[in-house]
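Here's the structure we're looking at; comments come further down.
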Amino acid sequence: MALSNTLLQNIKLLQTNEMYEDIKIVLGPIVTIAENNERLLSHSDRLTFYVHLGDACHRTGEHQKALRYLGQALQLRRCTSRLRGLPTEADIRWRSYLCYAAQRLHAEACRELACVPEKARTPAMHLALGQSYLRSGEEKLAQTAFKCCVKATGGLSMEAIKGLLACRTPLSEVLQLLANCGCLTQRAASATGPLEQLLARYFDASVQAAGRAFRPAIEALVALDGNDLMTGDSNLLATLGEAFYQCGDYTEAERILTRLHSLDSNWLRHIDSLAELLHRHANKTRQLECLAASLMQVSEHRPEPYVVYGYLNHSNKRSSKAMFFAQKALTISPNSVHALIVCGYVSIRNGKERDALSYFTEARKLAPNSFEVQHGIVWTYINRHKYRNAIAKAELLVKQLGRNPRTLGIYGLATSYENKDKAIEILADAFAMFNGRGCLPECISVLAELYMEKKRYPEAKALLVQKIEQEPAGETTAELHRLLGDCHSRCGQQQEALVHYEIAIRLDSKNRKAHEGAVAMRSVLNLDSRTAGTHQHHMDHSDEFSD
């Protein structure tokens with residue numbers, strides 16, 4: 001016995017129009033009746049209805065229920081393997097994968113896709129399988145899956161290319177793979193029109209940026225941004241801003257990403273990097289608030305708005321809310337590196353260093369070359385007082401990303417807990433390489449304090465003055481002025497010290513050390529003035545007696 005064609009067509013109409021609640025209401029009783037009497041519905045109709053129900057439950061957040069229906073559909077598919085026009089085993093397993101991924105059951109999700117024969121996998125399956133293998137640390141399997149995705153898409157899957165590079169595949173090998181795929185390259189596009197030539201240059205630059213060849217990538221992207229045909233392109237600006245961010249030029253990254261948001265307020269990709277940059281500055285909280293409110297109006301189904309709210313609440317020291325928003329972002333996209341970073345730093349603030357290390361380790365699997373992730377790992381070990389572990393991780397970071405102000409800065413910071421003389425050398429090298437961009441503020445503070453501990457006050461003063469002068473107008477920090485105040489105070493320059501303590505208080509009214517320093521300096525200055533007045537009074541009396 002079968003259902004009427006009219007009913008079947010109407011059920012298909014509900015599915016086509018994504019009316020998922022109605023699908024559950026209509027198909028639920030039909031499936032129950034058919035389960036109680038298998039003769040009432042054909043195997044093919046039951047299979048189709050199970051898949052529709054599973055999809056409807058997944059789309060409405062009932063993932064476990066969806067998995068039950070999809071499991072029954074899979075059993076029926078094996079009984080109807082010869083029938084055509086029905087959902088395939090690969091299609092059913094893909095839907096099951098989505099249910100497991102939504103629940104962050106990564107091992108089960110990976111297992112579902114691995115059961116699909118390689119020839120039956122779609123490019124999306126190859127990409128998802130590669131990301132699953134990468135998360136679990138199986139880089140060789142991940143490489144194979146990403147290569148299949150690149151080949152299947154003709155070399156146009158940038159996510160698969162990034163995955164290959166995350167698996168530590170050499171950039172030259174990736175470029176060769178793309179050339180073999182007939183992907184757009186400047187040589188291949190040289191004989192075509194300007195549209196493909198520009199697209200080829202943009203794609204080449206994007207691959208270079210993903211492979212951390214930042215200098216040629218940034219030069220190419222800046223040149224493209226200056227081209228009238230591509231000026232203001234959101235994809236280009238997002239790629240350029242992220243390239244500056246990854247190479248440590250935070251000033252340019254913030255400028256480009258801010259420009260991107262002002263040109264296209266609905267853009268989301270890499271805007272979480274802008275949020276991370278803004279949350280570093282106490283005086284940019286208002287900008288971060290505006291960014292968060294703006295993005296939430298764009299989409300509630302992407303991780304970036306929740307990540308921005310996570311950074312905002314972390315800046316405002318509302319840890320529970322920050323964790324809530326970051327976890328919400330991870331529910332939407334388990335591969336959100338910035339969401340994992342927020343979770344890591346909130347865990348450190350809450351004294352849960354083991355949880356923090358777990359979050360940062362998971363983020364490192366997804367982005368092994370991210371400085372921010374590695375910085376979080378080193379900082380976690382420092383907070384756990386495992387200084388040798390922190391130093392070892394910082395040394396590896398220097399080897400991995402090269403000697404630059406960021407890597408040497410965190411290495412020197414970790415070393416300062418074990419060997420202060422060596423830390424001074426490392427941090428001084430970092431500052432010598434510093435060009436106004438990319439050096440960590442906390443490393444400048446640590447070096448200044450180390451100089452003062454060694455009573456090397458002129459060097460500490462010169463360091464802090466140079467750093468303050470290099471900061472853009474209005475972006476200097478309270479901590480730098482507080483340290484400069486300490487330096488002047490220890491040199492006996494109370495008036496200069498008071499000036500910098502007061503600047504620090506204006507920048508951060510909650511800076512306790514600045515308040516204490518200002519009170520102490522006012523006390524000394526008042527005492528000196530009273531002492532000077534008393535001395536003058538005694539001099540006047542002595543003149544009278546002499547007369």
(request) Compute the distance in nm between two label points, each set 7 Å from the Cα along the Cα-to-Cβ direction, one at Glu38 and one at Arg388. (result) 6.5
(request) Alpha carbons only, please: Rg and Dmax for segment 194-267, in angstrom. (result) 11.5, 33
(message) For Leu199, project a label point 7 Å along Cα to C-beta. Then give me every residue of segment 144-178 with its amide nitrogen under 14 Å of that point.
(response) 154-158
(request) Give Lys352/Lys420; Lys151/Lys321; Lys65/Lys151; Lys162/Lys393; Lys284/Lys461; Lys162/Lys467 a once-over and call out the pairs whose C-alpha atoms are over 32 Å from each other. (result) Lys151/Lys321; Lys65/Lys151; Lys162/Lys467
(request) Taking every pair of alpha-carbon atoms in segment 477-527, give the share separated by more than 14 Å as a whole percent. (result) 37
(request) Please give the FRET efficiency for Thr285 paired with Gln103, using the beta carbon to beta carbon distance and R0 = 41 Å, rounded to the nearest 0.05. (result) 0.75
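Just to verify a number: FRET efficiency for Ser234 and Glu300, C-beta to C-beta distance, R0 = 25 Å, to 0.05? Please report the intermediate quantities before stating the final value.
Details: r = 20 Å, r/R0 = 0.82.
The calculated FRET efficiency here is 0.75.
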(message) Can you compute the modelled spin-label distance between Glu173 and Lys119, with each label point 7 Å from Cα toward Cβ, in nm?
(response) 2.7
(request) State, to one decimal in nm², a quarter of the convex hull surface area for the C-alpha atoms of the chain, i.e. the direction-averaged projected area. (result) 34.1
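If you roll a 1.4 angstrom probe over the protein chains with everything in place, what fraction of the accessible area of the chain belongs to carbon and sulfur, to the nearest %? Please report the intermediate quantities before stating the final value.
Values: 13910 of 27080 Å².
Answer for the chain: carbon and sulfur cover 51 percent of the accessible area.
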(request) Quickly estimate the mean residue ellipticity at 222 nm for the chain, helices only: each DSSP H run with n ≥ 4 gives -39500 (n - 2.57), and the total goes over all residues, rounded to 500. (result) -24000 deg cm²/dmol
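Taking Cα pairs under 8 Å and at least six residues apart, what relative contact order does the chain come out at, in percent?
Taking the mean separation of contacting Cα pairs over the length of the chain, I get 5 percent.
So if I place +1 on the C-beta of Lys and Arg and -1 on the C-beta of Asp and Glu, and nothing else carries charge, what would the dipole magnitude of segment 477-527 be about its Cα centre? I want it in debye, nearest 20. Mind dumping the intermediate values first?
On the way: 7 positive and 6 negative charges, 25 e Å.
Using only the charged Cβ atoms, the result is roughly 120 debye.
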(request) With label points built 7 Å along Cα→Cβ from the Cα atoms of Glu18 and Asp508, find their separation and express it in nm. (result) 4.5
(request) For segment 1-120, count the residues as N, evaluate 2.2 N^0.38 Å, and divide the Cα radius of gyration by that value, please. (result) 1.04
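How much area per residue is accessible in the chain when the probe is 1.4 Å and only protein heavy atoms are counted (Å²)? Show your work: numbers first, answer last.
Details: 27080 Å² over 547 residues.
That works out to 50 Å² for each residue.
What is the calculated FRET efficiency for His515 to Ser265, with r their C-beta to C-beta distance and R₀ = 30 Å, to the nearest 0.05?
Details: r = 40 Å, r/R0 = 1.33.
About 0.15, to the nearest 0.05.
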(message) Nothing charged except the Cβ atoms of Lys and Arg (+1) and of Asp and Glu (-1): what's the magnitude of the dipole of segment 1-120 about its Cα centre? Round to the nearest 20 debye.
(response) 300
(message) How many angstrom lie between the Cα centre of segment 246-318 and the Cα centre of segment 105-138?
(response) 31
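The values are calculated or read from the model by the stated rules, or taken from the named source; none is laboratory data. Keep in mind that what you see is a predicted model, and the values were worked out from it rather than measured. Cβ coordinates were reconstructed from backbone atoms using ideal geometry, including for glycine residues, and neighbour counts include every protein chain displayed. These area figures cover heavy atoms from the full protein model, side chains too; ligands, DNA and RNA do not enter into them. Shrake-Rupley method; radii C 1.70, N 1.55, O 1.52, S 1.80 Å.
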